[in-house]
Amino acid sequence: MPKIDSIKKTLVLGSGPIIIGQAAEFDYSGTQACQALKEEGIEVVLINSNPATIMTDQEIADHIYIEPLTIDFIEKIIAKERPDSLLAGMGGQTGLNLAVELHDKGILDKYGVKIIGTSVESIKKGEDRDTFREVMNEIGQPVIESDIVTTLEDGLSYAKKIGYPVVVRPAYTLGGTGGGIADNEEELRETLTHGLQLSPVTQCLIEKSIKGWKEIEYEVMRDSNGNCITVCNMENIDPVGVHTGDSIVVAPSQTLSNVEYQLLRTASLDIIDAIGVEGGCNVQIALNPDSFEYAIIEINPRVSRSSALASKATGYPIAKVAAKIALGYTLDEIQNAVTKKTNACFEPTLDYVVVKIPKWPFDKFKHANRKLGTKMMATGEIMSIGANFEAAFLKGIRSLETGKYSLVHKASELKNLSELKVSIVVPDDERIFDLAEMIRRGYKIEMISQITGMDEWFLNKFKWIVEQEEKLKVMSIEDISKDYLLELKKKGFSDKGISDLMKIDSEDILELRSLYKIQPSYKMVDTCGGEFEALSPYYYSTYEQFDEVEVSDKKKIIVLGSGPIRIGQGIEFDYCSVHCVKSLRKLGVETIIINNNPETVSTDFDTSDKLYFEPLTEEDVYNIIKKENPDGVILQFGGQTAIKLAKFLSEKNVKIFGTDFKDIDAAEDREKFDDLLERLNINRPKGKGVWSVSEGVEVATELGYPVLVRPSYVLGGQGMEITYDEVRLTQYLEDAFERDAINPVLIDKYLTGREIEVDAICDGQDILIPGIMEHLERAGVHSGDSITMYPSQRISDKIKDKIYEYTKMMALNLNVIGMVNIQFIEYKDELYIIEVNPRASRTVPYISKVSGVPIVDLATRCMLGERLQDLGYGVGVYKTPKHICVKVPVFSMSKLSKVEVSLGPEMKSTGEVLGVGETLEEALYKGFLASGQRVSDENKKVLATINNNDKEEFIEIAKGMSELGYQFIATEGTAKALINAGVSCDVVNRVEEPRPNILDVIRNKQVDLVINTPTKGNDSTRDGFKIRRTAIEFQTEIMTSLDTLKAMVAVNRKHVSSEMMKVYSLNDINSAE
C-alpha cells in the first residue's frame, strides 16, 4: 500500500525529561522516526520539553518546540502550526497518554488532526487493563487471574478472594510506578493506596502473583494490512517479580524449547492483530517453567525500552519502520536499511548472544532500599554482544563501570550462607554476585534454581565462570597454556579480570596474549545471520578466527561514548558524542564510535561510519585502536567514562585530540590545581586535602564551619556534603576513609554565594563563551540540580569581565583545545573558581540550543586545528538573546525509597526541562510546569518545617505567600515564628507527638505543598527525612531550597498562567535579537 497522500505535516510528541522508567530510548526512537518522516518529504513538527536530547536539535525536525508537554501548550502549537496528523507512539507512556487525552478532549477533531499509526481505539485496548483482559478472553489468550479496582476496600476484598501474594499494577503509569508485590494485607494497604493515587484514572489491576515463572518478551511489528513479524524475542534471567527494566535480559531466549518459542510467538502475533497495532509493540509473557502453561502480562502498543534493546540487538530499525508504517507503507514495501537487499518483512536472525544489564543509582544512594520488585529503579542500562552467553555476560559486567571484571565481590564474600540465601531470594542489585558466591561455596545448582526461580541453564553458565575464577586464583602465569587462555578469552574473560584473580599485572596477560598470538576478531551485526551481506558496519568482538572488519586507509578518528545513563552523566554526553561525529563526517573524516548503551542515538547503526558495541575499558578500547590504527581519539565528549582513559591512552602513545592527559590531570588533581590558581592569582574557596580524621577536624576548625567535604576525583558531586559541626564531620571522615583509604578527602570553606557556570571553547589562542549561566539556587546545591538561567539575570558587568578573564587564563594555562567547563562563585563582590572540567559538561546541549552556537561542532574543529576567528561565531562572550531560557531539573525520587530528597552538593536529578519566556517569571513558570510542579496562584495549604538558620529568611517569603492567599500549617517552633511575624498559622504535632501528627497531615492530602529545610540530610532516623520522604511517596510537592521557593512565589505574584503564554520554536529563539 503506498504512502497516504493526505499526510503532509506531522506532529511528533516526545517523552519529556529523562526519568527512571522513561529514559534515553525515546530520544533514539523519536530521532529515528523524525528522520524517517523527513525522508518521505513530510514536514515535521516536534514537541518535547527536554533540551538535553538529539531529538530536540535543529536539524531533526522542521519546527522544534521545547515547551511543556501539557494539553494547553500542545494545543497552542497545533493552532500555530496546523499539522494534519499526529504520531503518538514515539514518546513513551507520556506521548501515548497525551495523544489519548488530546483525542478525548476533542482537540484533535477541532483542528482536523488525525492520529497515524496505532489508533486511539487500539491504544486504549492495549493500555486499559479491563478492556485488554476482555480482548484476551475473546481471542482465547490466557491472562493472570485479576480484577480492576478503584478503591482500597475493593482491592482488599479481591485479594482475600484470590489469596496472597498479589501484584498491584496501576493503570497508565510508567516503569511500574506505584506498583509492587504485596505478601499480606498490611503491604497491600500501603501499595494499593499509593498506586491508586499515582494512576491518572485512579485504577489498579490486582492480580494473582505468578512470581517465579519465566518472563519472556516478544518485540513484534504489524502493518495496516495485518502483516506481522517478530523482530526479536528476549528472556529475563530474573523470573516474574522483578521489573523487566531492572532485570538482566538475554536475546534471543536461551532456555525455551522450539515448541515453547513457537507457542509464545504465535500468541504475540495473535495479540497485536486483535489489538490492531500498526507499528511496533512489546508483548510480555509469563511462562510456567514446569509446563506449557503461560499467561499474558501486558503489552506496550508503542516503541519502548525493550524495542530500543531489540533494535540494537538485531540491527532492525524498529522506530524507523514503525514511522513508515504510520505513513501507510506495508512491511514488504519498506527496505531493510541494514542490508539494503531485504525488506522489513524479513524476520531478523541472530548468530550471537546479547545481554542487557541495568545500571542502578545505588552507588550514589547508599542508604536506599535496594530491593528489586515490580517498580523500576535503574537509571540506564548497558548492552553487550558475544559469540556465547558467557562472553556477552562478562562483557556486560565490566561495561557497568562499577570496577568489576569478574563475579568476585568483596561484600558477598563477607556474608554467611543464610545472609546470601536471603539476598538471592529477595533480590537486589548485587544478587548476581551473591549467587556466584553461593556457587563458589558449593551450594547445589538445583537448590539455587528452586529458591530463585532462575533456570538451571543460566546457573550452570555462572558455575562455569566461577570454577574458572577459582582455578585462576591458584595458578601462576607459567600454568596458563595457549589453549586455556584462548578458551577464557572466547568466554569473555578480560585481561584485567584474569590478572586480578591471579594477583599479577594485566600487562603480563597482554604480553602472554601477544606471545600466543591471541587477538580479538570483530563480527558484524547484520540482522540476517550472515545470509545477506550487510552494509551497516556495526561490530562486536569475539576470539573466533574470521574477522569481518575492513580497515580503511582514510583519515579516521575514534570518538568514545559515555556508557550507560546514570545520575551525573546522562544523555547530554550522548548529544555531544553524536554532534562530534556529525562534525567529523562533514570534514571528510572516517568516524568510529565505541559505546555500549542501547538506548542512545550514538549507537544507532547509521550515526557513524563504524560502530563498535563494546565495553569502555582500557583493554576493549585499546584492542579496537590497534585494529583500526586511527589518527587519534576524542575523549572530551564521553564524560568521566572517556576522560578516565586519558592516562592509559597517553601511556600507550595514542594521540588524544584536544586537551592532553597532563593538562586534564592538572585540572583534576587538587594540589596541581591549587598551585595553578595560586600562580594565576585567582581566588578559590580556602581548603585542603586531608588524610586522616584528626587532620580533617583540625583543618575544618581553622577554616570555620560550615565546610564542604568531598572525596577527590568525583562525578556528579558523589559523596559531597556540607557539614555544620565537628560531630557530623568526624562521622563523614570515618566513613570516607573506611571506603577509600588511598585518596585524600577535600575540605573547603563553604561560601553561600551566587553560583555561575560557563562552557567555553578554546583553540589554544582565543576563547569563545557562548553564554554565561547563572544558577538560581545559591552555592551548595549541585549545579546539575540547580535551576539555570540564561542570559544571567543578576551579574554585574564587572563580574562578567572577570569571568571572561579568568576563563581565558584557565583555558590557556591548562592548554585546553576544545571544550572546558568552569564553575564560579560570586561572594561579596569577589569571584572564586570552584571547579574546572576540561571536557564537555551536561549544560552543553542546553546552552547550544538557546544561544544558537554549535558548541560541539566548533570545539571539534578547534581540535583538528582550526581557529575560532575563522568559524563565524567570533571570540569573547557571544551576544545575548532576547528570550530568557531556564533549565529546570527533574527528579525520580518516588522510584527510590529511603533516598534523601533535599537539595545539596550531591547530584540527585535524572533529567531536565526547558522554560522559555519574554520575562524570567514566564520562563520559570514554563520550567516549573514542564518539570511536573504545580504552579498556580490559587489558595494553597502549606506545611512548613524550617531549620533555625533559615527562619528569618523564610518569614519574609511567607509574608508574601500569605498576601497571595497561602495558608500555613507548621510545627510549634516554625508556627511561633510565623505568628510573631504576623502570619496566621495552624500548629501540627511533630512526628514523635500524638497522632494525627505532621506525617498524617501529608498522608491525608491536607496540604498542597511541603516546605522543609533540612538540618542534617541523609539521616533516615530524623523527623525532617521522614517528612520529606512522606511528601514524595504521597505525591505532595516539596521544596527544600528557599531560593526555589522565592522564585515560585515571584511567578505567582505576577499571576502568570498558560493562557497568556506564547510558544516558541527553536527558530524563534535563535533568530530573535
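The values are calculated or read from the model by the stated rules, or taken from the named source; none is laboratory data. The model shown is predicted, which means the values in this text are computed figures rather than measured ones. Glycine also receives a Cβ, built like all others from the backbone with ideal geometry; neighbour counts cover every protein chain displayed.
Answer yes or no as to whether VAL240 is at pLDDT 90 or above and in a strand (DSSP E or B). In short, no. Set side by side, the residues LEU768, LEU751, LEU812, LEU708 differ, and just one is touching a helix residue (DSSP H, G or I) at 6+ places or on another chain (Cβ under 6 Å) and hydrophobic (A, V, I, L, M, F, W, C), which is LEU768. Per the listing LYS491, LYS473, the residue uniquely closer than 27 Å to ILE445 by Cα and in contact with a Phe, Trp or Tyr (Cβ under 8 Å, 6 or more places away or on another chain) is LYS491.
Among all residues of region 244-266, there is at least one that is touching a Pro at 6+ places or on another chain (Cβ under 8 Å), of a type in the set (Asp, Glu), in contact (Cβ under 8 Å) with a residue 12 or more places away in the chain and under 25 Å from ASP428 (Cα atoms). Checking ILE1038 against (1) assigned to a helix (DSSP H, G or I); (2) touching a Lys or Arg at 6+ places or on another chain (Cβ under 7 Å); (3) under 20 Å from PHE891 (Cα atoms), which test does it fail? Of everything listed in (1) assigned to a helix (DSSP H, G or I); (2) touching a Lys or Arg at 6+ places or on another chain (Cβ under 7 Å); (3) under 20 Å from PHE891 (Cα atoms), ILE1038 misses just condition (1). Restricting the search to helices (runs of 4 or more DSSP H) fully inside region 367-464 and requiring at least 3 residues that are modelled with pLDDT of 95 or more and among the polar types (S, T, N, Q) gives an empty result. Residues that are within 30 Å of the chain's Cα centre (by Cα) and either in a helix (DSSP H, G or I) or not aromatic (Phe, Trp, Tyr) (or both) occur at least once in region 694-709. Please determine whether any residue of region 1019-1032 is among the acidic types (Asp, Glu) and at pLDDT below 90. Yes, region 1019-1032 has at least one match. Scanning region 680-715 for residues that are touching a residue at least 60 places away in the same chain (Cβ under 8 Å) and either among the basic types (Lys, Arg) or closer than 10 Å to LEU746 by Cβ (or both), we see that the one that is surrounded by the fewest Cβ atoms within 10 Å (Cβ to Cβ) is LYS686.
One residue alone among LYS371, LYS359 is among the basic types (Lys, Arg), closer than 27 Å to LYS211 by Cβ, crowded, with 19+ Cβ neighbours inside 10 Å and within 21 Å of the chain's Cα centre (by Cα), and that residue is LYS359. Annotation: of all residues in region 125-151 being of a type in the set (Ser, Thr, Tyr) and in contact (Cβ under 8 Å) with a residue 24 or more places away in the chain, the one that is surrounded by the fewest Cβ atoms within 10 Å (Cβ to Cβ) is THR151.
Taking helices (runs of 4 or more DSSP H) as the structural unit, those lying wholly within region 66-124 and holding at least 2 residues that are surrounded by 24 or more Cβ atoms within 10 Å (Cβ to Cβ) and modelled with pLDDT under 95 correspond to 92-104.
Condition check: touching a strand residue (DSSP E or B) at 6+ places or on another chain (Cβ under 6 Å), charged (D, E, K, R) and assigned to a strand (DSSP E or B). Does GLU755 satisfy that? Against the criterion (touching a strand residue (DSSP E or B) at 6+ places or on another chain (Cβ under 6 Å), charged (D, E, K, R) and assigned to a strand (DSSP E or B)), GLU755 qualifies. Going residue by residue through region 512-519, is there one that turns out to be of a type in the set (Ser, Thr, Tyr) and either surrounded by fewer than 17 Cβ atoms within 10 Å (Cβ to Cβ) or in a loop (DSSP other than H, G, I, E, B) (or both)? Yes, some residue in region 512-519 is of a type in the set (Ser, Thr, Tyr) and either surrounded by fewer than 17 Cβ atoms within 10 Å (Cβ to Cβ) or in a loop (DSSP other than H, G, I, E, B) (or both). Listed by first and then second residue, the pairs linking a residue in region 962-973 that is in contact (Cβ under 8 Å) with a residue 12 or more places away in the chain and within 8 Å of LYS941 (Cβ to Cβ) to a residue that is of a type in the set (A, V, I, L, M, F, W, C) and assigned to a loop (DSSP other than H, G, I, E, B), with Cβ atoms under 6 Å apart and 6 or more places separating them unless they lie on different chains, are ILE969/VAL988. Per the listing THR1030, THR1015, THR1044, the residue uniquely in a helix (DSSP H, G or I) and in contact with a helix residue (DSSP H, G or I) (Cβ under 7 Å, 6 or more places away or on another chain) is THR1030. The condition (being touching a strand residue (DSSP E or B) at 6+ places or on another chain (Cβ under 9 Å), over 24 Å from MET893 (Cα atoms) and either surrounded by fewer than 24 Cβ atoms within 10 Å (Cβ to Cβ) or without any contact (Cβ under 8 Å) to a residue 12 or more places away in the chain (or both)) is satisfied by just one residue among ASN227, ASN184: ASN227. For GLY568, the criteria (1) touching a Leu at 6+ places or on another chain (Cβ under 9 Å); (2) within 25 Å of GLY403 (Cβ to Cβ); (3) crowded, with 16+ Cβ neighbours inside 10 Å; (4) modelled with pLDDT of 95 or more hold in every case but one, which is (4).
All conditions in (1) modelled with pLDDT of 90 or more; (2) surrounded by fewer than 24 Cβ atoms within 10 Å (Cβ to Cβ); (3) not aromatic (Phe, Trp, Tyr) hold for GLU217, with the sole exception of (2). For region 1042-1063, taking the residues that are surrounded by 20 or more Cβ atoms within 10 Å (Cβ to Cβ) and over 23 Å from TYR966 (Cα atoms), the one that is modelled with the lowest pLDDT is identified as MET1061. Of the residues GLU153, GLU207, the single one that is part of a helix (DSSP H, G or I) and of a type in the set (D, E, K, R) is GLU153. Here is the figure for region 160-181: residues that are over 26 Å from THR94 (Cα atoms) and surrounded by fewer than 23 Cβ atoms within 10 Å (Cβ to Cβ) total 6.
Note on region 943-973: residues that are part of a loop (DSSP other than H, G, I, E, B) and modelled with pLDDT of 95 or more amount to 0.
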